[in-house]
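K.L.:
First the structure, then my questions, so here it is.
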Amino acid sequence: MTKPFKLHVLSILQGYSTLNQGPTPTLLSTTKPLRRSQQRPVGLFKTPPTWLAHEVDYMKVVAFLRHGLGLLVPLSIAFTIYLYIFPIVQGCAFPVESRDSQEAYDLTKKFHWPSKPTADDHAKLAPFRLLALGDPQLEGDTSIITNYLGTFPHVQSVFKHVTFQTTHWCFRERVRKIIHDIVDIIMEDLPYYLMSQRKRFDLWGNDFYLAHIYRQVNWWSNPTHVSVLGDLVGSQWIDDKEFEKRGRRFWNRVFKGTERLSDELAQTPSNDYNISGVLDGSDEAKLWKKRMLNVAGNHDIGYAGDLTEERLERFERVFGKANYELRFELPITDPETIATMYSDSNPESKRVIPELRIVAVNDMNLDTPAKSLPLQDATYGFINNVISSAGSVQYQGQFTLILTHIPMYKPAGICVDAPFFDFHTAADGGGLKEQNQLSSDASRGFLEGIWGMSSKRTAPGGGYGRAGLMLNGHDHAGCDTYHYINQTNGTDPSQRQWEVKTWSDAQDLKIPGTDGIPGRREITVRSMMGDFGGNAGLLSLWFDQESWEWKYEYATCPLGSQHFWWFVHIFDFIVLVWMQSYAVLSVMEAYGVDVDGPFWRGVSRMKDFVLRRKQSVSDKK
C-alpha cells in the first residue's frame with residue numbers, strides 16, 4: 001500500500017472521528033502522546049499499521065451508544081405507536097348503512113377528532129354496535145409443571161435420604177438413590193422450574209395481550225355492547241379455586257372496566273317481558289357498553305357428557321347466566337311514521353315497534369347423550385319459551401340475534417372444523433365427550449324453531465320466518481356461512497333439506513333474498529387468541545324505515561400474532577436500558593472516568609478466549 005493512499009484513508013477516518021468525537025485525534029507521527037482513553041487495548045487486534053492506531057477513537061462506547069439510539073429510538077417509537085393505534089392504522093370501524101368501509105372509517109375518526117361530531121354524524125352511527133370476541137381461553141396454574149410436580153422435589157428426596165428418613169436394604173442402595181436424585185435435580189427439576197417460570201411469564205403477558213386487543217378496539221370503535229362467545233377460561237376440569245382465580249383475571253385484567261350481566265337484567269323468555277333498553281344513545285343506553293354478554297363454552301362448563309350442576313352453577317356465579325334473553329327497542333318519533341304502524345286504529349298494518357331480541361343459548365347440551373338430563377331439559381325448556389314468546393312471523397320490524405358457542409351443522413369442507421362427535425366409554429357414562437358442530441337436528445331447532453323458517457310456502461309468512469343472525473365461536477379459525485332451504489326444488493316439502501354455503505359463495509350465486517329460498521347467516525367469530533391473529537368482530541345493526549326491517553353488516557379488526565406484542569415491549573425495554581446506559585456512561589466520561597479501556601479489555605479477553613477454544617478444538621482434530 002502506498003503512502004498517499006494511507007494518508008487518504010487516514011484523513012477519512014479522522015473526519016469520521018471528528019463527526020463522532022469532536023476534536024480530530026492526534027496522529028502517532030506527532031510529538032503529542034496519546035491519552036489513555038485513545039490507546040488501543042492490548043490483545044484486541046493483531047499488530048495493525050501505525051496509521052490505524054487511532055481507530056479506537058471513533059469506536060468509543062459512549063459514541064456507539066449515542067449513534068445506536070439514533071436508530072433504535074425511531075424504531076421503538078414507530079413500533080409502539082402502531083401497536084397502540086393498530087385499529088386506526090388498519091382502518092377498523094363498525095359498518096354503516098352505506099356498507100362503505102371508508103365512510104365508516106371517516107365517521108369513526110370524527111368521534112376522536114378535536115372537532116365535535118354533528119347531529120348528522122350521530123345519526124349515521126348504527127344504533128346497535130356489538131364488539132364480538134371469541135375464545136380467549138384463559139389458562140392458569142394447571143399448565144404450570146411445578147404446580148402439580150412441586151418445586152425441586154428431588155432436593156427434598158435427597159434430604160430425606162441423607163437424613164435417613166427413608167429405608168433401604170443397604171447403604172449402597174441409599175447412595176445410589178442420592179446420586180440418582182442429584183442427577184434428576186439437574187436434568188428434571190431445574191428445566192421444569194425454568195419452564196414453569198417462563199409459563200408464568202407467558203400467562204401474565206397473554207392476559208395483557210388479550211386486554212390490549214379489547215381495550216384498543218373498544219376505545220377506537222366505540223361499541224354499544226360487548227360479548228365474549230364462549231371458552232372464557234381454558235378448561236372445564238379445573239377446581240373451584242382455580243376457576244375463581246381465572247374469573248378474577250377475566251374481570252380485573254383482561255376485560256377490566258366491564259361487569260357481569262346481573263340476573264335481573266338477564267331475562268327468562270316470557271310473553272310478559274320487560275324492555276332491557278332503548279337504542280337511543282342516551283346515558284342510560286351507554287351503560288350497556290360495560291355489561292358483558294357472556295356465552296358458555298365447552299371449556300367453561302363442558303360438553304353434554306361432562307356438564308354438571310356444579311360446573312354450571314360456578315360459571316353462572318362468576319360470569320352470568322348461561323341462558324337468557326334481552327330486548328331492545330328503537331324509538332320512532334316521527335308522527336307520520338308512527339301512523340303506519342300496527343295499532344288498534346290500524347289493525348291491518350304488519351309494522352311493529354322495531355325490536356332487537358338477543359338470545360344467548362347454552363348449546364353445550366343440545367345433543368345427546370347428556371350427563372345431566374335435568375340440565376338438558378332446562379335448555380330445551382328455555383328454547384321452547386323463546387319460541388312461544390316470539391312475535392308472529394308475519395310482523396315486520398323484529399330481529400333475533402342468537403349468541404351461542406358451538407356452530408350449527410355444516411358439511412365437511414365448508415369451514416375448517418368438519419362434523420365430529422366423540423363419546424365417553426360406557427364405563428364413564430357414555431355421554432357426549434366432544435363435538436365440532438351441532439347435529440343437524442339441533443341446528444333445525446334454531447332455523448325452524450327460533451327463527452320460524454319452513455320448507456313450505458304455505459307456512460305462516462311464506463316460511464321466511466323472523467329476520468335474524470347467529471354469532472358463535474368454537475371454531476378458532478372462524479367461518480361465515482349461509483343456511484338456506486329451497487322451497488322451489490319441486491320435491492315434497494318433507495324431503496327438502498337445509499343446505500349451507502359460505503357467505504361469499506352464497507352472495508356470488510345470489511341466494512340471499514331470492515324468492516322461495518329462506519335462509520339465515522351464521523358468523524363464527526375468529527378467536528382472539530394470538531395463534532389466530534388476535535381478532536375482534538364488529539357487528540352493526542341499523543333499521544331501514546322504508547322496508548321496515550333490520551339490516552346488518554360485519555367486519556373484523558385483527559391485531560396480529562402475540563409475538564408482535566411481545567417483540568414491541570421487549571424492544572422498548574431494551575431501548576430504555578440502552579438510554580440509561582448511555583446517560584450513565586456519558587456522565588462518568590464527563591467526570592474523567594475511563595469507560596472505554598475496561599470495555600475493550602473485556603472484549604479482548606473474550607476474543608482471546610474464543611480463539612483459544614477454537615485452537616483447542618483444532619488441536620484435538
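The values are calculated or read from the model by the stated rules, or taken from the named source; none is laboratory data. Given the structure is predicted, the values throughout are model-derived calculations rather than measurements. Cβ placement follows ideal geometry from the backbone for every residue including glycine, while neighbour counts extend to all protein chains displayed.
K.L.:
Could you list, in sequence order, all residues of region 253-310 that are at pLDDT below 95 and of a type in the set (D, E)?
P.N.:
D272, D280, D283, E284
K.L.:
Have a look at E355, E284, E348 and point out the one that is over 26 Å from K433 (Cα atoms) and in contact with a Lys or Arg (Cβ under 8 Å, 6 or more places away or on another chain).
P.N.:
E355
K.L.:
Same structure, new question: Given the criteria buried (at least 17 other Cβ atoms within 10 Å of the Cβ), among the charged types (D, E, K, R) and either out of contact with any Phe, Trp or Tyr (no Cβ under 6 Å at 6 or more places or on another chain) or assigned to a strand (DSSP E or B) (or both), does R520 qualify?
P.N.:
So R520 fits the description; yes.
K.L.:
Now, a different point. Name the residues in region 318-351 that are at pLDDT below 95 and of a type in the set (V, I, T), would you?
P.N.:
I332, T333, T337, I338, T340
K.L.:
Next question. Can you pull out the residues in region 270-320 that are surrounded by 18 or more Cβ atoms within 10 Å (Cβ to Cβ) and under 22 Å from F128 (Cα atoms)?
P.N.:
Those that are surrounded by 18 or more Cβ atoms within 10 Å (Cβ to Cβ) and under 22 Å from F128 (Cα atoms): S276, G277, L279, W288, R291, M292, L293, N294, V295, G320.
K.L.:
Just wondering, is there one or more residues in region 322-334 that are within 30 Å of N298 (Cα to Cα) and either surrounded by fewer than 20 Cβ atoms within 10 Å (Cβ to Cβ) or polar (S, T, N, Q) (or both)?
P.N.:
Yes, some residue in region 322-334 is within 30 Å of N298 (Cα to Cα) and either surrounded by fewer than 20 Cβ atoms within 10 Å (Cβ to Cβ) or polar (S, T, N, Q) (or both).
K.L.:
Condition check: in the same structural domain as Y552 (by TED's automatic domain parsing), in contact (Cβ under 8 Å) with a residue 12 or more places away in the chain and under 18 Å from Y193 (Cα atoms). Does D141 satisfy that?
P.N.:
yes
K.L.:
Please go through region 366-383 and give me each residue that is under 19 Å from E448 (Cα atoms) and either in contact (Cβ under 8 Å) with a residue 12 or more places away in the chain or outside any helix (DSSP H, G or I) (or both), ordered by number.
P.N.:
L366, D367, T379, Y380, F382, I383
K.L.:
Select from region 496-512 the residues that are crowded, with 17+ Cβ neighbours inside 10 Å, closer than 18 Å to D417 by Cα and in contact (Cβ under 8 Å) with a residue 24 or more places away in the chain and list them in ascending order.
P.N.:
Matches in region 496-512: V500, K501.
K.L.:
Scanning for something surrounded by fewer than 16 Cβ atoms within 10 Å (Cβ to Cβ) and more than 30 Å from A93 (Cβ to Cβ), does region 211-221 turn up at least one residue?
P.N.:
Taking every residue of region 211-221 in turn, none turns out to be surrounded by fewer than 16 Cβ atoms within 10 Å (Cβ to Cβ) and more than 30 Å from A93 (Cβ to Cβ).
Every residue, every condition in (1) modelled with pLDDT under 95; (2) out of contact with any strand residue (DSSP E or B) (no Cβ under 7 Å at 6 or more places or on another chain); (3) in a loop (DSSP other than H, G, I, E, B), yes or no:
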| position | (1), (2), (3) |
| --- | --- |
| S443 | no, yes, no |
| F446 | no, no, no |
| D480 | no, no, no |
| G490 | yes, yes, yes |
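Residue-wise test of (1) under 26 Å from S227 (Cβ atoms); (2) under 31 Å from the mean Cα position of the chain (by Cα).
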{"position": "G305", "(1), (2)": "no, yes"}
{"position": "Y324", "(1), (2)": "yes, yes"}
{"position": "P347", "(1), (2)": "no, no"}
{"position": "I353", "(1), (2)": "yes, no"}
{"position": "L356", "(1), (2)": "yes, yes"}
{"position": "L375", "(1), (2)": "yes, yes"}
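K.L.:
Tell me, please, whether a residue that is surrounded by 15 or more Cβ atoms within 10 Å (Cβ to Cβ), β-branched (V, I, T), touching a residue at least 24 places away in the same chain (Cβ under 8 Å) and outside any loop (DSSP other than H, G, I, E, B) can be found in region 400-417.
P.N.:
Yes: region 400-417 contains one or more residues that are surrounded by 15 or more Cβ atoms within 10 Å (Cβ to Cβ), β-branched (V, I, T), touching a residue at least 24 places away in the same chain (Cβ under 8 Å) and outside any loop (DSSP other than H, G, I, E, B).
K.L.:
To continue, here is another question. Under 7 Å by Cβ, and 6 or more places apart or on different chains, what pairs join a residue from region 285-298 that is assigned to a helix (DSSP H, G or I) with one that is modelled with pLDDT of 95 or more and of a type in the set (D, E, K, R)?
P.N.:
Sorted first by the residue in region 285-298, then by its partner, the pairs are N298/D231.
K.L.:
Only one of (1) of a type in the set (S, T, Y); (2) out of contact with any Phe, Trp or Tyr (no Cβ under 9 Å at 6 or more places or on another chain); (3) assigned to a helix (DSSP H, G or I) fails for T167. Which number is that?
P.N.:
(3)
K.L.:
Just checking, does region 596-605 include any residue being in the same structural domain as G70 (by TED's automatic domain parsing), among the aliphatic types (A, V, I, L, M) and exposed (fewer than 12 other Cβ atoms within 10 Å of the Cβ)?
P.N.:
The answer is no; no qualifying residue exists.
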